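Here is the structure we will look at, set down as structure tokens.
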Number of protein chains: 2
Amino acid sequence: MGTKERRDREREALREEILAAARELFIREGYERVSMRRIAEKIEYSPTTIYLYFRDKSEILNEICEQTFAKLARTLERIEARDLDPLEKLREGCRAYIRFGMRNRHQYRLALMVSGESLEGAFDATYEGSMGERAFGFLLHGVERCQAAGIFSVGEAAVASQVLWAAVHGVTSLLITLGDGDFPLIEKNRLIEETIGTVIRGLMKGRG
Amino acid sequence: MGTKERRDREREALREEILAAARELFIREGYERVSMRRIAEKIEYSPTTIYLYFRDKSEILNEICEQTFAKLARTLERIEARDLDPLEKLREGCRAYIRFGMRNRHQYRLALMVSGESLEGAFDATYEGSMGERAFGFLLHGVERCQAAGIFSVGEAAVASQVLWAAVHGVTSLLITLGDGDFPLIEKNRLIEETIGTVIRGLMKGRG
DNA sequence: TTCATCTGCTTAACACTGTAAAGTAGCTAA
DNA sequence: TTAGCTACTTTACAGTGTTAAGCAGATGAA
């Protein structure tokens, strides 16, 4: 009597289908511009069906964001596993973070540039155990390693890594919002490299 | 025959009233959460009257943002006029910038964290001659002064000041979105001071 | 003073939005 | 065979930004 099992499978399949449709639309056009009706149309179900699978629109977004940030976490863990000196490893991580933000601009924005207000409860996923924690953990770990290696001046690693994060997030955010606006930003890669370089230099030992 | 003059005055007065109502609502609740009907209700006119004074909702926002950023520009120019050594003047400007962002979170977000997409044409004001230009000009000037004084290593000032901007914007943006979320950010002022300090140290001469 | 025009505003309406409640086929188990 | 449940749809609500049409009163010309 595998009928329950089959139905569970079918249910999961439709849930996945909704997520896939929403993801594609969100990435192409951004969360706010995509309506529940558009998602429904894409999967050829009535709009309210979606509510049988997700509490509301923001829950769909949350799930997608979590998946996307899991990708970032994996990328960073791959860098973590590479054989690089502490400084270069940290730099590579920062580069990967910024690239990730630019490639996933819509989701990056929703997770780190919108959430908290204006968007009802978008990405309110608790931090503990989240992908965000894993991603930030990379930075923290990288900073600690540089301190242990005598490259960075010792001190609270939490402070140093949040400073680094602020800077890295700053470039990412700036490139996302002004990337092709009319503000005369210097060349993208130049800005990225110089920012990473400057902050890391500022964290280094000696001369302070 | 001052009737035309009087009507122009009245027209201007209502325009001002709309702006004042919108500003208060936007600041309290954020752009997206405030509807044209709410603004209209506040000034006791019908919703469509607003369209006789502004092309659309985003034009109201633009005007308000421009005014707000003018305040930032004035604050920075007051610092510029003070008698401080180049480094401390630059630091003071950065502090003022971040404080400004936090006090005007809604408008800061709309101008620098949303614009470009998702929000139709919000704050698409051309950069040339804008308040944004004046504000960024402060940073540029401050960096040039530090280079001239032999404190910063020489190089393209545009690069250094955009790096500094990225960092300063990064803290601001992070504090706005995560300020009272559940991410365990270190204490606000600590993060602000450390970020400014670290980036400026990274821009300094010697030890590279 | 009378009348046409113009000004400034309002009412009604359109095409959307996210979402809740109620209704309805068709499968399932007794 | 029938009662109930599952999965979905239809309908509806209260809201959004915005446009078009209408209308009262001030204005300028005769």
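The values are calculated or read from the model by the stated rules, or taken from the named source; none is laboratory data. For clarity, every value in this text was computed on a predicted model and none was experimentally measured. Cβ: placed from backbone, ideal geometry, glycine included. Neighbour counts: every protein chain shown. Heads up: the accessible areas ignore ligands, DNA and RNA and are worked out on the full protein's heavy atoms, side chains in. Shrake-Rupley method; radii C 1.70, N 1.55, O 1.52, S 1.80 Å.
Points to keep in mind about this one:
- Sole exception among (1) modelled with pLDDT of 95 or more; (2) farther than 23 Å from residue B:27 by Cα for residue B:184, by number: (1)
- Residue match in region A:86-97 (condition: at pLDDT 95 or above and either assigned by TED's automatic domain parsing to the domain that holds residue A:26 or within 10 Å of the chain's Cα centre (by Cα) (or both)): yes
- Residue within region B:174-196 that is at the interface with chain A (Cβ under 7 Å from one of its Cβ atoms), farther than 28 Å from residue A:109 by Cβ and not aliphatic (A, V, I, L, M) present: no
- When restricted to residues that are more than 9 Å from DNA strand D (Cβ to nearest atom) and over 17 Å from the mean Cα position of the chain (by Cα), region B:50-71 contains 1.
- Selection count where residues are more than 13 Å from DNA strand D (Cβ to nearest atom) and either assigned by TED's automatic domain parsing to the domain that holds residue A:114 or under 26 Å from residue A:108 (Cβ atoms) (or both), scope region A:1-28: 10
- Residue list for region B:36-92, filter: aliphatic (A, V, I, L, M), closer than 25 Å to residue B:12 by Cα and loosely packed, with under 13 Cβ neighbours inside 10 Å: B:52
- Helices (runs of 4 or more DSSP H) wholly inside region B:1-92 containing at least 3 residues that are within 12 Å of DNA strand C (Cβ to nearest atom): B:3-29, B:36-43
- Only one of the numbered conditions (1) more than 29 Å from residue A:113 (Cβ to Cβ); (2) not assigned by TED's automatic domain parsing to the domain that holds residue A:168 is not met by residue A:31, and that is (1).
- Residue count, region A:80-94 (criterion: free of Cβ contacts under 8 Å to residues at least 40 places away in the same chain and either under 25 Å from residue A:109 (Cβ atoms) or of a type in the set (Lys, Arg) (or both)): 2
- Restricting the first member to region A:20-31 and to residues that are buried (at least 17 other Cβ atoms within 10 Å of the Cβ), and the second to residues that are not in a helix (DSSP H, G or I), the beta-carbon pairs closer than 6 Å and six or more apart or on different chains are A:25/A:34; A:26/A:34; A:30/B:117; A:30/B:118.
- Near pairs, Cβ below 8 angstrom, 6+ apart or cross-chain, from region B:162-176 (free of Cβ contacts under 8 Å to residues at least 60 places away in the same chain) to any residue that is not in a helix (DSSP H, G or I): B:162/A:185; B:162/A:186; B:174/B:185
- Test set (1) modelled with pLDDT of 90 or more; (2) closer than 24 Å to residue A:78 by Cβ; (3) over 11 Å from the mean Cα position of the chain (by Cα) - residue A:150 fails condition number: (2)
- Check on residue B:167, open to solvent by less than 10 Å² (accessible area, probe 1.4 Å), of a type in the set (Gly, Ala, Ser) and at the interface with chain A (Cβ under 9 Å from one of its Cβ atoms): yes
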